[in-house]
Protein chains: 4
Amino acid sequence: WRRSSHCAGQTLDISGIYPPIVTPFTQKGEVDYQSLYKNLQKYNNIPFKGLVVQGSNGEYPYLSTEERIEVVRRVKQALPKAKLLMAGSGCESTKATIQMSENMASAGADCLLVVTPCFYHGRMDGSALIHHYIQVADSSPVPIVLYNVPASTFLDLPVSAVIELSQHPNIIGIKDSGGDITRIGLIVHKTRSQDFQVLAGSAGFLMASYTVGAVGGVCALANVLGQEVCELAQLCTSGEWDKARKLQYRLIEPNIAVTRKFGIPALKQAMEWFGYHGGVCRSPLQPLSEVQLKQLHTDFSSNGWL
Amino acid sequence: WRRSSHCAGQTLDISGIYPPIVTPFTQKGEVDYQSLYKNLQKYNNIPFKGLVVQGSNGEYPYLSTEERIEVVRRVKQALPKAKLLMAGSGCESTKATIQMSENMASAGADCLLVVTPCFYHGRMDGSALIHHYIQVADSSPVPIVLYNVPASTFLDLPVSAVIELSQHPNIIGIKDSGGDITRIGLIVHKTRSQDFQVLAGSAGFLMASYTVGAVGGVCALANVLGQEVCELAQLCTSGEWDKARKLQYRLIEPNIAVTRKFGIPALKQAMEWFGYHGGVCRSPLQPLSEVQLKQLHTDFSSNGWL
Amino acid sequence: WRRSSHCAGQTLDISGIYPPIVTPFTQKGEVDYQSLYKNLQKYNNIPFKGLVVQGSNGEYPYLSTEERIEVVRRVKQALPKAKLLMAGSGCESTKATIQMSENMASAGADCLLVVTPCFYHGRMDGSALIHHYIQVADSSPVPIVLYNVPASTFLDLPVSAVIELSQHPNIIGIKDSGGDITRIGLIVHKTRSQDFQVLAGSAGFLMASYTVGAVGGVCALANVLGQEVCELAQLCTSGEWDKARKLQYRLIEPNIAVTRKFGIPALKQAMEWFGYHGGVCRSPLQPLSEVQLKQLHTDFSSNGWL
Amino acid sequence: WRRSSHCAGQTLDISGIYPPIVTPFTQKGEVDYQSLYKNLQKYNNIPFKGLVVQGSNGEYPYLSTEERIEVVRRVKQALPKAKLLMAGSGCESTKATIQMSENMASAGADCLLVVTPCFYHGRMDGSALIHHYIQVADSSPVPIVLYNVPASTFLDLPVSAVIELSQHPNIIGIKDSGGDITRIGLIVHKTRSQDFQVLAGSAGFLMASYTVGAVGGVCALANVLGQEVCELAQLCTSGEWDKARKLQYRLIEPNIAVTRKFGIPALKQAMEWFGYHGGVCRSPLQPLSEVQLKQLHTDFSSNGWL
């Protein structure tokens, strides 16, 4: 492998904010590339470091192999060169992950976000996961970012495995969505001698993650309130903690609403309210009920966003 | 849809024992159809009702879409006409599940085992799962068997959803692998006015399941001790409970060993000991350690099987 | 210790059905011994093997040390000599459990039900629990019954620990409320060379437990439908499985309603409907809402009990 | 009730660091008041805000009612007047908690830490917990601090319940040990209009908690590294975040070691290494194995503390 297609001779810097973009669908359930394109146009005006394509908010488990690659290709075409494209290439098998990683790199991904395989979770101990990631990193043409999302996978990539994997030259960081701030601090602490960067996986603990040494975040809420999430990041990096705290407070409830409380249907609905194209999810994800819609609206309005 | 390709005008009877067959791989990691064929030849001598292709023991999350269909086609070719081919067609999205169901039916599946989608588990409530299954059942050319496997999916298909789905003419039963015997009894009780059959999902609670009204089982252990599992079923259906109990006892530890204790690598290893072709798993599933191998051996030998 | 105060020279036989009796309270929140006495009078007409005093349905965590002992004493006074008094003496510390065991034995308990300590659950491995139980059994003047209730303790007493403890001459059995029928079968299988008896901890899996070798049950529902639960046990021991199955079915939903669905407030309410004294629970247990009351009623009436 | 016995007419300020002190035992298993006294003498030289007596690290579930009160009395005698005594008065029943609260207040507690009751966790919803806390707070002669410790109780006091309870004039704060920094931020945010203070329940997320608005911590590790934990707090309150971060890093592994990894036996062992009296735990808590002792030592030494 080569260290990075992006910056030969040095490690890719992934610090900053990324929206894990959603995948809009047409009424007939096809990927709606036109709506996707319009969203990307709007995102170009926000100081994101880049975009994550096919994090869990991208409904990637509902996309075919071909769709997953095509979405990456289309996003690459619309993305300014200065912005990073981090693509989610994780599959359950090592073999499929390697293949998907190659295809996504060919389609334009600057680096790859690789979720822990989890179906046979009883066998997915540190040793198996290390084995998996090393094979993927060894063969990937672009750098790998580990992806820990226990709310979806019911697995926590052990900290000891993260430390070991951080030594691999083609593994450059981790996105941790678990929200365990002690763990995030420990990962930063134990990998500080490596070129290894930690991204918070949610806007709810973004400020706290910065304080313990994270360098950015992949935040579902950034699909809706991108400018505000970037502002929070900027306040953190410039040390304006009092202002940061006040902004962080106002982002927690909207963030919970579009993630663990109501999920992607809420994220897509909120995008509509803020001028983006969200639309429907693929089945079996269902639209929100009237009651849920009202609660979602309140979670934004009571914090001054609607 | 039509009620059944197998028995026009009446419901398919799925009572009996099925091994959820493993997928052998060559040294290079390709599906080893020759070894698969040899296993099938041996299984033909055992009074199985049929085979389950691509239950969780078939490593289906590690197979490509094409491989999943091709394995069904090959098994169909080797299977005597009298035996049922139940194929696992579940995918995360409704759309992919419908497509896979059609393809597997075309490849020869007599009925389809459809696992609960689970990735966005926080949104997979009864309503979403009912919606999913009804769409799949409406479009499937062959009957559907629900598949509840909480150890892998971290979801329990609610009993109320099972009851509602049991009324659909193209949903003919459920394989329940959770081992909650109260739940299994309740499902039998509440669906008894429907043409709906319940299969135990593991040999560990097979006898207990028969006593509360189940009519068969899909048992990983039947890949290794197929004759014995069929004998247990026969003792249950003929009411020889004392003999059944003694046999059931001796199957519990081997069953735990090849399922939740050591998983598919153990199942494949035990198959080798009993004259079948097991072989390696696809990565990230790792082989057993020496210590684990010894424990596995003891779990069989201490019960008189080795 | 002596093997048993009940039957010198031989092990106490605990086979049969026990209601884990509730503790009625007066309007002022004191133990209502008069109502308790009236319930006991009615229970005397039912072929129970005995009573369990201060299982989890007895609200024992809400009773003072003195109340716990006094309730045992009062029940003993009202209980016919032929019936066993099994008293729950488990506390978090070994020391307190030993003391409580002595006091309850003095107050008339024939044997003691000792729940797994669980507060520091991360440290309560098999070794710690074995150590605990051996100390308690060594010092107890009456036999000990292990008590596994993972829904309350979030702990499963490991099967290997049960096997080891079954060899202690003063440990005569286990009440297992987890509902894992595979586990119950395995425990019977692995302890069959010992004087060790297994009791199902709930009416929902009572029949299945009998089929795998359990000899009785401690069933919350027996507080309400005592005659019917005893009839189910009788049908099981006499091998009338078809009749047993039909009765078992009708008990599942009422049982779930008074246990995991609505808990002790529902159990006490249902007792009122069937002529017993249930009454209020101690705070923080709250009464059922109107909606819950209706559901509870339906769970009984739809199965022909009301 | 009166707002506070400490500061008539105004709310007690609980900001600062507290060790949740351990309870030393003699070889015979009695409370070792002499060793306790010696520990307290050393703690007097550390700028703690006060002490927590009978948090979960005090083995309170293993103390009798009389011991719990006597320990509070003895600590009060040894504590300088300027320091706060926060005593854990939580019991499972509301009635016992009220009684214990009165007794501990009489014994000298300045405020009371009341853990969520949890045994019947299926019934402990927000409504039941609010009811419990309001009754306790209404009757308590000293202010109440809520105590959320999901690792022990398997319950999270809902944020909505915390918000409602924060309006009660005799409920002045919460100790949250869950480590969910998003939740901690949200609680601060939603209770900021009340006299309500938030304390982090562990040293592992102390710095992060300060950044989102917590005002102190109750930290097991402060029993061992009290000066250092106080220094971390001071760096946070004075805004020296870079220094704080470096110190925080070095505290994470020792903290994990004496809490969720090895528990109280490790905490007491580490205390011995640092000149305090730790000693044995009451059974069923077992001493560490040799291997565990070495790991514990490494968790301190590799961070420069031994």
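The values are calculated or read from the model by the stated rules, or taken from the named source; none is laboratory data. Just so we're clear, the structure is a prediction, and the values are computed from it rather than from any experiment. Quick reminder, even Gly has a Cβ in these numbers, built from the backbone with ideal geometry, and neighbours come from all protein chains shown. The protein model used for the area step is the full one, side chains on, heavy atoms only, and it has no ligands, DNA or RNA in it. Shrake-Rupley method; radii C 1.70, N 1.55, O 1.52, S 1.80 Å.
Sequence neighbours fewer than 8 away in the same chain don't count; with that in mind, list the aspartates and glutamates whose C-alpha is under 16 Å from A:LYS49.
A:ASP13, A:ASP110, A:GLU228, A:GLU231
Per residue of A:184-191, count partner chain C-beta atoms within 10 Å of its C-beta, then hand back the mean as an integer. Write out the running numbers ahead of the final one.
Values: counts 3, 9, 6, 1, 3, 9, 4, 0.
Across A:184-191, the average partner-chain Cβ count within 10 Å equals 4.
Can you list the residues of the range A:95-120 whose accessible area drops by at least 50 Å² going from the chain on its own to the full set of protein chains, with a 1.4 Å probe?
SASA drop of 50 Å² or more in the range A:95-120: A:LYS95, A:PHE119, A:TYR120.
Please report the spacing between the Cα centers of the range D:252-306 and the range A:232-306 in Å, no decimals.
42 Å
Can you tell which of A:ASP242, A:ASP13, A:ASP138 shows the greatest fluctuation in a Gaussian network model of chain A with Cα springs below 10 Å?
Comparing A:ASP242, A:ASP13, A:ASP138 in a Gaussian network model of chain A, the most mobile one is A:ASP242.
If you take each beta carbon of peptide B:121-130 and count the beta carbons of other chains within 10 angstrom, what is the mean?
So the per-residue partner count for this stretch is 4.
How far apart, in nanometres, would the label points at C:ARG260 and C:SER193 be if each is projected 7 angstrom from Cα along the Cα-to-Cβ direction?
Result for the modelled spin labels: 3.5 nm.
For chain D, set up a Gaussian network in which alpha carbons nearer than 10 Å are linked by springs, and say which option among D:VAL198, D:VAL291, D:VAL188 fluctuates the most.
Greatest mean-square fluctuation among the candidates belongs to D:VAL291.
So with the 1.4 Å probe, I'd like the accessible area per residue for the range C:16-250, rounded to whole Å².
31 Å²
I want the antiparallel fraction of DSSP beta bridges within the protein assembly as shown, as a percent rounded to 5.
Of all bridge pairs located within the protein assembly as shown, approximately 5 percent are antiparallel.
To the nearest 100 Å², how much accessible surface do chains A and D hide from each other in total, with a 1.4 Å probe?
Looking at A and D, the buried total is near 2200 Å².
Considering only C-alpha atoms, what is the centroid distance from the range C:69-141 to the range A:96-132, in Å?
Using only Cα atoms to place each centre, the spacing works out to 52 Å.
Mind listing the long-range amide H neighbours of C:ILE17? Cut-off is under 5 Å, sequence gap 5 or more, other chains count too, H placed in the peptide plane at 1.01 Å from N.
Here C:LYS49, C:GLY50, C:GLY217 satisfy the definition.
Once the other residues with Cβ under 14 Å from the Cβ of A:SER238 are scored (Lys, Arg +1; Asp, Glu -1), what is the net sum?
My count for the surroundings of A:SER238 gives -2.
Probe radius 1.4 Å, ligands and nucleic acids ignored: give me the carbon and sulfur share of the accessible area of chain B as a rounded percent.
Answer for chain B is 50 percent, counting heavy atoms of protein chains only.
Calculate one ³J(HN,Hα) per residue across the range D:194-210 by plugging θ = phi - 60° into the Karplus curve 6.51 cos²θ - 1.76 cosθ + 1.60, and present them in order as whole Hz with x for glycine and proline.
Values, residue by residue: 9, 7, 8, 10, 10, 10, 6, x, 6, 5, x, 10, 5, 4, 4, 5, 4 Hz.
Compute accessible area for the range A:24-64 by itself and then with all protein chains, 1.4 Å probe, and report residues whose area falls by 40 Å² or more.
A:PRO61, A:TYR62
Give the separation of the Cα centroids, the range A:53-68 to the range D:143-205, in Å.
Between the Cα centres of the range A:53-68 and the range D:143-205 lies a distance of 38 Å.
Looking only at other chains, what is the average number of their beta-carbon atoms within 10 angstrom of each beta-carbon in A:203-210?
For this peptide, the per-residue mean of nearby foreign Cβ atoms is 5.
Quick one: label points 7 angstrom along Cα→Cβ at B:LYS38, distances to the other copies in nm, smallest first?
Going from nearest to farthest copy, the values are 6.0, 7.1, 7.6 nm.
For the range B:16-250, give me the percentage of DSSP beta bridges that are antiparallel, rounded to the nearest 5 percent.
5 percent
With respect to the cross-link table entries D:LYS42/D:LYS268; D:LYS81/D:LYS268; D:LYS42/D:LYS246, which display a Cα-Cα separation exceeding 24 Å?
D:LYS81/D:LYS268; D:LYS42/D:LYS246
Students often get this wrong, so check it: of B:LYS38/B:LYS261; B:LYS76/B:LYS190; B:LYS190/C:LYS243; B:LYS243/B:LYS294, which have C-alpha atoms separated by over 22 Å?
Details: B:LYS38/B:LYS261 27 Å; B:LYS76/B:LYS190 34 Å; B:LYS190/C:LYS243 17 Å; B:LYS243/B:LYS294 29 Å.
Result: B:LYS38/B:LYS261; B:LYS76/B:LYS190; B:LYS243/B:LYS294 exceed 22 Å.
One quarter of the convex hull surface, Cα atoms only: what value does that give for the protein assembly as shown in nm²?
Quarter of the Cα hull surface area: 43.9 nm².
Using a ≥ b ≥ c from the Cα gyration tensor of the range B:16-250 (square roots of the eigenvalues), is it rounded, prolate or oblate, where a/c under 1.5 gives rounded and otherwise the larger of a/b and b/c decides, a/b for prolate?
Since a/c reaches 1.5 but b/c is at least a/b, the shape of the range B:16-250 is classed as oblate.
Have a look at the range D:234-250 and report residues whose accessible surface goes down by 30 Å² or more when the remaining protein chains are included, against the chain on its own, probe 1.4 Å, ligands and DNA/RNA excluded.
D:TRP241, D:ARG245, D:TYR249
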